[in-house]
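Below is one structure, written out as structure tokens; comments come after it.
The values are calculated or read from the model by the stated rules, or taken from the named source; none is laboratory data. Worth saying up front: this structure is predicted, and the values here are computed from it rather than measured. Cβ placement follows ideal geometry from the backbone for every residue including glycine, while neighbour counts extend to all protein chains displayed. Please note that ligands, DNA and RNA were not included when accessible areas were found on the heavy atoms of the full protein model with its side chains. Shrake-Rupley method; radii C 1.70, N 1.55, O 1.52, S 1.80 Å.
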Amino acid sequence: MDPIKINLPGDDDYYIAEAYKVLRTNLQFCGQDIKVIALTSCGENEGKSTVALGIGKSFADLGKKVLVIDADMRKSVIAGRNTTAKTPKGLSEVLTGMSDVSECLYPVAEKKMHVLFAGQYPPNPVELLSGKYFATLISECRKVYDYIIIDTPPLGLVIDAAVIADKCDGAVLVLGGPQVHRSEAQNVVEQLNKSGCKVLGVIRNKVRPSGKKSYYKYK
């Protein structure tokens, strides 16, 4: 399978790169047992998919072997918006037995990183994610990768992320902009806690930098 390229907003921005390094370091300080990390949000368009890929790239820059899983099978945006992959097979095909996982792992050019896309939209995403095959997939991938970053649907809209978090070592909530109400974020954190998954923290996204840029001010 030919390597793909990842295109993210701010790829050439020094301050964004530094912000990802800070985020990467904070995740490492969560403990060496935190290897499978789910990202979710309260609603749509908060940037969690972009952040998931950005975290994956940042860990890969350290020489870590990374897998990014697009588990938003309801409304995936990663393949078409952020990569050069064309209509890729992915998670839905793996979980339904239509394809082997080895046929759906797309290598990222010049990095020790793979992406497992969402694949075709299935009629029963929650059932697929709560089944034994998804749990087995995560268990097997743990043996191969240093970090597994899972992009999940917004937990403020559907329950998928809580189902996925049950198989993860930790979860991170991405808050993108001022449109999210405090009660919405509290409800999402409560759902994650109910799943038994450790909430690692919150990523504030789409924050406008205040004042003049410096080495200590990141977007």
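The condition of being open to solvent by 20 Å² or more (accessible area, probe 1.4 Å), closer than 21 Å to residue 36 by Cα and not polar (S, T, N, Q) does not hold for residue 121. Just one of the listed residues (135, 161, 165) is open to solvent by 20 Å² or more (accessible area, probe 1.4 Å), modelled with pLDDT of 95 or more and among the small types (Gly, Ala, Ser), and it is 135. On the given criteria, is residue 43 assigned to a loop (DSSP other than H, G, I, E, B), out of contact with any Phe, Trp or Tyr (no Cβ under 9 Å at 6 or more places or on another chain) and within 20 Å of residue 193 (Cα to Cα)? Criteria met by residue 43.
Those residues that are under 14 Å from residue 42 (Cα atoms), modelled with pLDDT under 85 and surrounded by 14 or more Cβ atoms within 10 Å (Cβ to Cβ), I need them from region 177-211; list them, please. Selection gives 177, 180. For region 85-118, a residue qualifies if it is small (Gly, Ala, Ser) and on the phi < 0 side of the Ramachandran plot, and the qualifying residues are 85, 90, 92, 99, 102, 109, 118.
Considering every residue within region 61-77, establish whether at least one is among the polar types (S, T, N, Q), closer than 30 Å to residue 23 by Cα and open to solvent by 10 Å² or more (accessible area, probe 1.4 Å). If you could, list the steps in order and put the result at the bottom.
Our first condition is that a residue be among the polar types (S, T, N, Q); within region 61-77, this holds for 76.
Now drop any that are not closer than 30 Å to residue 23 by Cα, which leaves 76.
Those left that are additionally open to solvent by 10 Å² or more (accessible area, probe 1.4 Å): 76.
Yes, region 61-77 contains a residue that is among the polar types (S, T, N, Q), closer than 30 Å to residue 23 by Cα and open to solvent by 10 Å² or more (accessible area, probe 1.4 Å).
Here residue 94 fulfils each of the conditions (1) in a helix (DSSP H, G or I); (2) under 20 Å from residue 54 (Cα atoms) apart from (2).
Looking at 157, 173, which one is touching a residue at least 60 places away in the same chain (Cβ under 8 Å) and closer than 12 Å to residue 72 by Cβ? Show your work before the answer.
Numbers: 173 fails: closer than 12 Å to residue 72 by Cβ.
None of the other options fit; the residue is 157.
Given the structure, is residue 54 buried (at least 16 other Cβ atoms within 10 Å of the Cβ), assigned to a loop (DSSP other than H, G, I, E, B) and within 18 Å of the chain's Cα centre (by Cα)? Criteria not met by residue 54.
Okay, residues lined up against (1) closer than 23 Å to residue 121 by Cβ; (2) of a type in the set (S, T, N, Q); (3) in contact (Cβ under 8 Å) with a residue 12 or more places away in the chain:
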| site | (1), (2), (3) |
| --- | --- |
| 32 | no, yes, no |
| 39 | yes, no, yes |
| 65 | no, no, yes |
| 74 | yes, no, yes |
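Of all residues in region 133-154, those that are under 20 Å from residue 57 (Cβ atoms) have Cβ atoms under 8 Å from Cβ atoms of residues that are in a helix (DSSP H, G or I) and small (Gly, Ala, Ser), 6 or more apart or on another chain, in 147/56; 149/52; 149/56; 150/52; 151/49; 151/52; 152/161; 152/165. Candidates are the residues of region 39-48 that are closer than 17 Å to residue 20 by Cα and open to solvent by 10 Å² or more (accessible area, probe 1.4 Å); the one that is nearest to the chain's Cα centre (by Cα) is 48.
Checking each residue in region 139-158 for being in a helix (DSSP H, G or I) and surrounded by fewer than 18 Cβ atoms within 10 Å (Cβ to Cβ) picks out 139, 140, 142.
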